[in-house]
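The values are calculated or read from the model by the stated rules, or taken from the named source; none is laboratory data. Computed from a prediction, not measured in an experiment: that's the story for all the values here. Cβ atoms come from the backbone with ideal geometry, glycine included; neighbour counts cover every protein chain shown.
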Amino acid sequence: MNLYLVGEREIMGLAKHIDFDVVIVGGGAIGAVLALELDRLNYSVAIVELREPLFSSTNPERVVALNDGSRCYLEALGLWKEIEAFGLGDIRHIVVTEPGNRGRFDLHADDLQSADNEHALGHVVEMGHLLEPMYRALQDSSVELIAPACIEAFEVQQDQVSIQIRRDDELSTITAALLVGADGTYSQIRAMAGIGVFGWDYNRFGLVASVTTELGHQETAHECFRSSGPLAFLPLADGRFSIVWAATPAEATQLLAMDDESFIYALQKAAGASTMSKLGAVTGISKRASFPLELTIAKSFAQSRLALLGNAAHTIHPVAGQGMNLGFRDVETLIEVLARAKAQQGDASVDPGQSILMQAYAEKRRGDVMAVAGFTESMSHIFGSSVPGMKWLRGMGLDNLSSVPALADLLLQQASGLAQFKQFKRPEVPHA
Ligand SMILES: Cc1cc2nc3c(=O)[nH]c(=O)nc-3n(C[C@H](O)[C@H](O)[C@H](O)COP(=O)(O)OP(=O)(O)OC[C@H]3O[C@@H](n4cnc5c(N)ncnc54)[C@H](O)[C@@H]3O)c2cc1C
């Protein structure tokens, strides 16, 4: 009735009781891709999303750097061509420096010892351009989108979860064999399920903006590690950079209040002479925005009939640009677990919420999430440390990383996400 539905199919009446195999709360990129994958495994799926989907550009552009592993995944899903058609910033070269210190480390896509070496290390995509093809594919699927709406309450029973949905002032009840929280960092589903988190507030804000520079980007991303936090320059499709600048609350307040000229001066100073010599002077700047930075990892990624994916399960520091990539690997893992159960049980209607499958999903994900979170944490601690001699060591370390080929290749595999992508097997279950 009053529901916004994909494909404008008017099927649901709010007063009706509707059964789904899976209800996903949160229609961000992770919820949307999961819905597409489950639909292809012939599960009936609904997405409950707080907002009506919007794909238009924001100012500043909200972008994510996807590694090549995520590109391979979205290609396998048949989404990449459409995403690429919007235009991408390719990252073929990453330069890591510490302003005011010696040492520099370079990663080149050409050095990737893999069959995929014609590809970039990563791709910078606007969030709307990532979501729009996903929502177009949802329109051609059987997935029901219920938006704008939210969950009022849910109750986990032995064979199903009973879910109360609020849309405007109307309440309705639907059921699912599995309830998924893909509702972001401040997940309502995680909180309602009583799943605690560990982590901390970094006491930093991520300041984002898009900048034009004299020399353009030449498909290079720059990571400048400062003691108060990293400053990243990510190449955009139109030759500009998107910046993510981790700043203390006081610094962020000042930077947001500055006029453009003063901001550009502060930015160039923070990036350091070595980086600015590659970029040329900053000649233009978009509006600025900021996000609080925090580490939040759910103590449990799944319970009986409930799973958390994406930022609802883990929100990490954007220093290494890995949050979305981790979320796609959550989806790949859950789908792999379900597809394997279907293949083993020779049964098209495997209960997707059963405890054993939820446990398998949670166990498989924890190692990868902790490894990436640990790596990002150690980066921020190493570069944030003012222990005597540490600055010298960092400079030496950066210079010498490139001269250890095995280590450089390992970092390349990790940065490109190809090491992790190769671990997944696409399900061979016949698609609908
Ligand atoms: C400054 C910054 C830079 C970043 N850069 C990168 C990068 O370069 N590379 C990278 O891989 N990652 C990056 N990330 C992380 C990345 O953006 C996230 O990991 C990713 O967006 C998580 O996707 P998600 O679908 O899990 O959550 P979200 O994108 O947060 O989507 C959650 C969805 O749930 C909906 N929702 C929320 N609450 C409810 C509710 N109660 N009921 C119903 N729906 C609800 C929301 O409206 C939203 O649509 C960055 C993050 C930040 C802050």
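Would you say Asn325 is more than 17 Å from Ala35 (Cβ to Cβ) and in contact (Cβ under 8 Å) with a residue 40 or more places away in the chain?
When the stated conditions are applied, Asn325 passes them.
Here's the yes/no breakdown for (1) over 24 Å from Gly28 (Cβ atoms); (2) charged (D, E, K, R); (3) more than 23 Å from the chain's Cα centre (by Cα); (4) buried (at least 22 other Cβ atoms within 10 Å of the Cβ):
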position: Thr212; (1), (2), (3), (4): yes, no, yes, no
position: Glu261; (1), (2), (3), (4): yes, yes, yes, no
position: Gly280; (1), (2), (3), (4): yes, no, yes, no
position: Ile285; (1), (2), (3), (4): yes, no, yes, no
position: Thr296; (1), (2), (3), (4): no, no, no, no
position: Leu306; (1), (2), (3), (4): no, no, no, yes
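What number of residues within region 197-227 satisfy the criterion of being in contact with a Ser or Thr (Cβ under 8 Å, 6 or more places away or on another chain), farther than 14 Å from Ile243 by Cβ and at pLDDT 95 or above?
Number of matching residues: 2.
Could you tell me whether Leu50 is more than 9 Å from the ligand (Cβ to nearest atom) and either over 20 Å from Arg136 (Cβ atoms) or touching a residue at least 24 places away in the same chain (Cβ under 8 Å) (or both)?
Considered against the rule, which asks whether it is more than 9 Å from the ligand (Cβ to nearest atom) and either over 20 Å from Arg136 (Cβ atoms) or touching a residue at least 24 places away in the same chain (Cβ under 8 Å) (or both), Leu50 comes out as no.
Can you name the strands (runs of 3 or more DSSP E) wholly within region 166-277 that have at least 3 residues being closer than 29 Å to Asp110 by Cα?
197-213, 220-226, 229-235, 241-247
Asp140 - would you say it is more than 16 Å from the ligand (Cβ to nearest atom), more than 23 Å from Ser172 (Cβ to Cβ) and modelled with pLDDT under 85?
no
Could you please find all residues in region 331-359 being in contact with a Lys or Arg (Cβ under 6 Å, 6 or more places away or on another chain) and part of a helix (DSSP H, G or I)?
Once the filter is applied, which keeps residues that are in contact with a Lys or Arg (Cβ under 6 Å, 6 or more places away or on another chain) and part of a helix (DSSP H, G or I), region 331-359 yields only Thr333.
Would you say Met134 is under 26 Å from the mean Cα position of the chain (by Cα) and near the ligand (Cβ under 9 Å from one of its atoms)?
no
Please return the ranges of strands (runs of 3 or more DSSP E) entirely within region 17-82 where 2 or more residues are in the same structural domain as Arg166 (by TED's automatic domain parsing) and at pLDDT 95 or above.
Because the criterion is at least 2 residues that are in the same structural domain as Arg166 (by TED's automatic domain parsing) and at pLDDT 95 or above, the strands (runs of 3 or more DSSP E) in region 17-82 that meet it are 18-25, 45-48.
Quick check, is Ala232 within 26 Å of Asp330 (Cα to Cα) and in the same structural domain as Val22 (by TED's automatic domain parsing)?
no
Let me confirm something: among Asn59, Asn42, which residue is under 26 Å from Ala289 (Cα atoms) and more than 12 Å from the ligand (Cβ to nearest atom)?
Asn59
Which number in (1) modelled with pLDDT of 95 or more; (2) not in a helix (DSSP H, G or I) marks the one condition that Ala120 misses?
All conditions are met except number (1).
Looking at (1) aromatic (Phe, Trp, Tyr); (2) touching a strand residue (DSSP E or B) at 6+ places or on another chain (Cβ under 8 Å); (3) over 18 Å from Ala65 (Cβ atoms), can you tell me which one Tyr265 breaks?
(2)
On the basis of being touching a helix residue (DSSP H, G or I) at 6+ places or on another chain (Cβ under 8 Å), within 15 Å of Val25 (Cα to Cα), assigned by TED's automatic domain parsing to the domain that holds Val45 and of a type in the set (A, V, I, L, M), does Ala153 make the cut?
yes
Could you please find all residues in region 303-346 being away from the ligand (no atom under 15 Å from the Cβ), of a type in the set (Gly, Ala, Ser) and in contact with a helix residue (DSSP H, G or I) (Cβ under 7 Å, 6 or more places away or on another chain)?
Ser304, Ala341
How many residues are under 16 Å from Ala35 (Cβ atoms) and out of contact with any Leu (no Cβ under 9 Å at 6 or more places or on another chain) if we restrict to region 140-199?
6
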